[in-house]
């Protein structure tokens, strides 16, 4: 035998053995009689065996044909099982989504998003991976995540003309769907009121600041503000927890960014002041690779995310942003 017989030849072999004639087999297989005869001839040549006795009354199996018939059935069945398993795996892959998360789940509406995916008709299985904003984007770029949340400075044009249209960053590599804009405020120890009230960014660069991880949005946002001034602020403490940032400020040693939503949650009087002249306006966005934006599972995720945030689909094409993560991000 030169090589394994083709599935079509095995189907013709099985059908002729069952029907007894080439004409009836051809009718069952929706093939022409010459096509069936050619398949049988090729199968006999490849095996080197006579599989049928040709008689005026039809075709009957030879001893070799009868011995091979059960194996032909098994081969066809195995092929069907192979295809069914492949389709199942394909569906499983299509129905799973790797999501990079940041900040606190309530703020990014993570629970409603996961629930909407799990209960939709497509029943997407979600795998979550928490990280810093820049880490999430990098993992999307490497293919380790499909989508993720991302924080960056609101583009200057959106400050004047607010828009929720999807936009491109990193020379078009990533596509962002803005979900909401929010403010970062600058907190200072209460006794530093005269150092921060009425002061602008150049006045604040010389003060000690709280450090956050290198790949955090906090670090990137502040560096993008201060770097064009020729230096970066001195950092005297470190934390990767937003709630702990306020504790460091209250200790009297440094300044820190704080989300307006976190400040709003504080009901009792705290030992800090909020700088009144500077803020940082940011977008919380949902991100993916631009090249994958229209893959079914990712497109479905973006649709569900818009529904969770009660956003209407943007009709405009994504807006390219020339300077992405290096863009200055302060609003005065």
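For the reader, a short list of remarks on this structure follows.
- Residues (under 20 Å from residue 245 (Cα atoms) and part of a strand (DSSP E or B)) located in region 162-207: 182, 183, 184, 185, 186, 187, 188, 189
- Test result for residue 293, over 12 Å from residue 179 (Cα atoms), at pLDDT below 60 and out of contact with any helix residue (DSSP H, G or I) (no Cβ under 6 Å at 6 or more places or on another chain): no
- Check on residue 71, exposed (fewer than 11 other Cβ atoms within 10 Å of the Cβ) and at pLDDT 90 or above: yes
- Qualifying residue in region 225-235 (condition: in a loop (DSSP other than H, G, I, E, B) and either under 30 Å from residue 301 (Cα atoms) or in contact with a strand residue (DSSP E or B) (Cβ under 8 Å, 6 or more places away or on another chain) (or both)): yes
- Some residue of region 208-223 being in the same structural domain as residue 189 (by TED's automatic domain parsing), touching a residue at least 40 places away in the same chain (Cβ under 8 Å), touching a helix residue (DSSP H, G or I) at 6+ places or on another chain (Cβ under 6 Å) and not in a loop (DSSP other than H, G, I, E, B): yes
- Just one residue in the set 52, 113, 107, 127 is outside the structural domain of residue 288 (by TED's automatic domain parsing) and at negative phi; that residue is 52.
The values are calculated or read from the model by the stated rules, or taken from the named source; none is laboratory data. Source: prediction; values computed, not measured. Neighbour counts are summed over all protein chains in view; Cβ atoms, including those assigned to glycine, are modelled from backbone coordinates with ideal geometry.
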